[in-house]
Amino acid sequence: MGQDTFSSRLAPHNWQGSAPIHGSRAMRTSEMIIIALVAVALATGGVLAVVLSPPLSPCAGVTGATRSFTIIIDSTGYNGSLYKTGSWPVVMVQRCDNVVFTVINNATESHGFAVAYYSNVGLELVGGAHQTLKFQATKTGQFQVYCTINCSIHRQMQNGLLNVT
Ligand SMILES: [Cu+2]
């Protein structure tokens, strides 16, 4: 500010001296534009960060109970599903529970074990294998439990149900 006053006083006597006044004004304008651009960029970045950051899990900070289930696969399907009509096996948990499936394939052929939404890829178990599938049941609803390998009893291994309430 003091410098402007000094330059203004010089201006009538020294046109060269007046040049820096316009120069410094121009610089201040460009500085303001840069600051404005930075501010816009920061604001946009902030908005993008909010938009792009993944939503918090509905179970964040919630320690759900652990619910363990054993699934035996053999020539009668999942826990005897060959002899059941309707959904079988049916597993009931509460939202945010930690679900643990221990899957034991007592058959000689390979079988799959998938849970819709939670593990669509699921497990693949060769004959005699056992594996564990774990997840937190963050979403309520009814989710199909099914075999993913085209086995000899495939149709009777499509109607398992996980019920999350
Ligand atoms: Cu199958």
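The values are calculated or read from the model by the stated rules, or taken from the named source; none is laboratory data. Given the structure is predicted, the values throughout are model-derived calculations rather than measurements. Positions of Cβ are generated from backbone atoms using ideal geometry, with glycine treated the same way; all protein chains shown enter the neighbour counts.
For the range 93-125, what are the residues that are within 13 Å of the ligand (Cβ to nearest atom) and either assigned to a loop (DSSP other than H, G, I, E, B) or aliphatic (A, V, I, L, M) (or both)?
First, pick out the residues of the range 93-125 that are within 13 Å of the ligand (Cβ to nearest atom): 103, 105, 107, 109-114, 122-125.
Once the filter is applied, which keeps residues that are within 13 Å of the ligand (Cβ to nearest atom) and either assigned to a loop (DSSP other than H, G, I, E, B) or aliphatic (A, V, I, L, M) (or both), the range 93-125 yields V103, A107, E109, S110, A114, L123, L125.
If a residue must be in a strand (DSSP E or B) and surrounded by 21 or more Cβ atoms within 10 Å (Cβ to Cβ), how many such residues does the range 126-142 contain? Lay out the reasoning, then the answer.
Of the residues in the range 126-142, the ones in a strand (DSSP E or B) are 130-136, 141-142.
If we keep only those that are surrounded by 21 or more Cβ atoms within 10 Å (Cβ to Cβ) too, we end up with none.
Final tally of qualifying residues: 0.
For N159, state whether it is touching a residue at least 24 places away in the same chain (Cβ under 8 Å) and under 16 Å from S68 (Cα atoms).
Judged against the criteria, N159 is not a match.
Name the pairs whose Cβ atoms lie under 6 Å apart, with the first residue in the range 108-136 and under 15 Å from N150 (Cβ atoms) and in contact (Cβ under 8 Å) with a residue 40 or more places away in the chain, the second away from the ligand (no atom under 12 Å from the Cβ) and among the polar types (S, T, N, Q), and 6 or more positions between them or separate chains?
L125/Q131
Any chance the range 145-153 includes a residue that's more than 16 Å from the ligand (Cβ to nearest atom), aliphatic (A, V, I, L, M) and in contact (Cβ under 8 Å) with a residue 40 or more places away in the chain? Steps first, please.
So the first thing to find is which residues in the range 145-153 are more than 16 Å from the ligand (Cβ to nearest atom), and the list is none.
No - not one qualifying residue is present in the range 145-153.
One residue is enough: does the range 57-70 have a residue meeting the conditions under 23 Å from Q158 (Cβ atoms), surrounded by 20 or more Cβ atoms within 10 Å (Cβ to Cβ) and assigned by TED's automatic domain parsing to the domain that holds Q142?
Within the range 57-70 (the criterion being under 23 Å from Q158 (Cβ atoms), surrounded by 20 or more Cβ atoms within 10 Å (Cβ to Cβ) and assigned by TED's automatic domain parsing to the domain that holds Q142), the answer is no, since none of the residues qualifies.
On the basis of being within 15 Å of the ligand (Cβ to nearest atom) and in contact with a Gly (Cβ under 9 Å, 6 or more places away or on another chain), does N159 make the cut?
Working: within 15 Å of the ligand (Cβ to nearest atom): yes; in contact with a Gly (Cβ under 9 Å, 6 or more places away or on another chain): yes.
Yes, satisfied.
Does L82 satisfy the condition of being more than 25 Å from the chain's Cα centre (by Cα) and either farther than 29 Å from P58 by Cβ or buried (at least 16 other Cβ atoms within 10 Å of the Cβ) (or both)? Can you show your working first?
Working: more than 25 Å from the chain's Cα centre (by Cα): yes; either farther than 29 Å from P58 by Cβ or buried (at least 16 other Cβ atoms within 10 Å of the Cβ) (or both): yes.
Spelling it out, L82 is indeed more than 25 Å from the chain's Cα centre (by Cα) and either farther than 29 Å from P58 by Cβ or buried (at least 16 other Cβ atoms within 10 Å of the Cβ) (or both).
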